[in-house]
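I have placed the structure first, in the form of C-alpha cells, so that the comments after it can refer back to it.
The values are calculated or read from the model by the stated rules, or taken from the named source; none is laboratory data. As the structure is a computational prediction, the values presented were derived from the model and not from experiment. Glycine gets a Cβ as well: all are built from the backbone with ideal geometry, and neighbour counts include every protein chain shown.
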C-alpha cells in the first residue's frame, strides 16, 4: 500500500464511514466469533480445552483474515493494477472508524446541548458497555470522553499503524484481534479461559498504538488550543496515571485526554447492575461539562490527521 492509497482510504472513511447497508469485514468477523463461541463449548468442556480452543481462534481468525485480504487484493490486481488499488483502498478504509466514532459521540453531545439527558444516555449506550440508564450529565460526559480517547487508539491510530507497516491485510488482521478481544476477551466466568489468548494478543497488538495515540492527543491539544500548559498537563498525567486502568493500554490515551482537558476520568461504573470501581485518572479540578466532549472531538480529529500524515509519510516512497 502506497502513501497515496492510505490517504485515500482515510478520506473514504471520513466521507462515508460505515454505512449499515453495506457489508463490512468486522461484522463478518463477529459472526464467525459468535459461531465459535457457541459451538466450541460443546466440544471443549475443561478449562484446558477451552484455553487451547481460544488460542486456536486467537491465532486462526487473524491469520485467515490476513490471507483473505491478501488474496482479494492479489486477485483484483490480476485483473488490472487499477482494480487492485481500488480493492486495497476500500479494504483499508473498512479498518478505520474515525467517522463512525465522530457520529456516535456527536449524537451524545447534541442531545446534552439540547438538554435531553435521556436521549444522551441512549446515545452513549451505543458506544460503551456500562449501564447508562441512571447516569448523570457529568457521567454521560465522562463516558463519552473516555470513549473518544480509547477509540481514537484502537479505531484509528492502531489501524493506521498496521496499514503503514503491512497494508490492508495486516490492518484487517488487527481488526480481527481487536474484535476478538471486544467479544470474548472478558474476565467473566464464561470467557475467562476461552478468551484468554484473545485478550493477551490484543494487549500486545495495542501496546505501541496506545502510547502513540497518547502522544498525538497531547500534541493535538496544543495545536488546537495554542496553550502549551495543556500539553504539559497532558504529558504529566499520561506519565503519572497512564497505568491506572485494568487494561495495560487503554489508560494511556485516557490519561493524556484527562490531562489536556483538565478533568478526572475513571471511577465507579455499573455493569449489569453490579458496581465496578476503576482507578481515577487525572485531577478533579472541575465538574465535567458538555464542552469537554466538543473539545475532545476536535482534539481527536487533529490526532487522526496527524496519524494519517505520519502513516502516509511512512508509505509514500513505497
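Restricting region 18-31 to residues that are assigned to a helix (DSSP H, G or I) and in contact (Cβ under 8 Å) with a residue 12 or more places away in the chain leaves a set whose member that is farthest from residue 177 (Cα to Cα) is 25. Whether any residue in region 143-152 is crowded, with 22+ Cβ neighbours inside 10 Å, over 16 Å from the mean Cα position of the chain (by Cα) and part of a helix (DSSP H, G or I) is what I want to check. Looking through region 143-152, none of the residues is crowded, with 22+ Cβ neighbours inside 10 Å, over 16 Å from the mean Cα position of the chain (by Cα) and part of a helix (DSSP H, G or I). Exactly one residue among 303, 309 is within 30 Å of residue 88 (Cβ to Cβ) and without any contact (Cβ under 8 Å) to a residue 60 or more places away in the chain, and that residue is 309.
Counting only residues that are surrounded by 16 or more Cβ atoms within 10 Å (Cβ to Cβ), part of a helix (DSSP H, G or I) and in contact (Cβ under 8 Å) with a residue 24 or more places away in the chain, region 107-138 holds 4 of them. Scanning region 183-203 for residues that are more than 16 Å from residue 44 (Cα to Cα) and either outside any loop (DSSP other than H, G, I, E, B) or at pLDDT 90 or above (or both) turns up 183, 198, 199, 200, 201, 202, 203.
Step by step: first the residues of region 265-285, then only those that are surrounded by fewer than 12 Cβ atoms within 10 Å (Cβ to Cβ) and assigned to a loop (DSSP other than H, G, I, E, B), then the one that is nearest to the chain's Cα centre (by Cα). Which residue is that? Looking at the filtered set, the residue picked out is 272. Comparison of 91, 180, 163, 172 shows that the only residue that is part of a helix (DSSP H, G or I), modelled with pLDDT of 95 or more and under 19 Å from residue 250 (Cα atoms) is 180.
The residues on offer are 96, 61, and the sole one that is surrounded by 19 or more Cβ atoms within 10 Å (Cβ to Cβ) and outside any helix (DSSP H, G or I) is 96. Checking each residue in region 244-260 for being more than 13 Å from the chain's Cα centre (by Cα), at pLDDT 95 or above and part of a loop (DSSP other than H, G, I, E, B) picks out no residue at all. In region 289-306, is there at least one residue being over 27 Å from residue 96 (Cα atoms), modelled with pLDDT of 95 or more and not in a helix (DSSP H, G or I)? Among the residues of region 289-306, at least one is over 27 Å from residue 96 (Cα atoms), modelled with pLDDT of 95 or more and not in a helix (DSSP H, G or I), which makes the answer yes.
Being over 30 Å from residue 288 (Cβ atoms) and either touching a residue at least 12 places away in the same chain (Cβ under 8 Å) or over 24 Å from the mean Cα position of the chain (by Cα) (or both) is the requirement here; does residue 73 meet it? The answer is yes for residue 73.
Taking the criterion of being under 27 Å from residue 277 (Cα atoms), under 18 Å from the mean Cα position of the chain (by Cα) and either without any contact (Cβ under 8 Å) to a residue 12 or more places away in the chain or part of a helix (DSSP H, G or I) (or both), would at least one residue in region 218-235 satisfy it? So far as region 218-235 goes, yes, one or more of its residues are under 27 Å from residue 277 (Cα atoms), under 18 Å from the mean Cα position of the chain (by Cα) and either without any contact (Cβ under 8 Å) to a residue 12 or more places away in the chain or part of a helix (DSSP H, G or I) (or both).
Mind telling me which of the residues 34, 40 ends up being loosely packed, with under 15 Cβ neighbours inside 10 Å, assigned to a helix (DSSP H, G or I) and either touching a residue at least 24 places away in the same chain (Cβ under 8 Å) or under 23 Å from the mean Cα position of the chain (by Cα) (or both)?
Working: 40 fails: loosely packed, with under 15 Cβ neighbours inside 10 Å.
Matching residue, one of 34, 40: 34.
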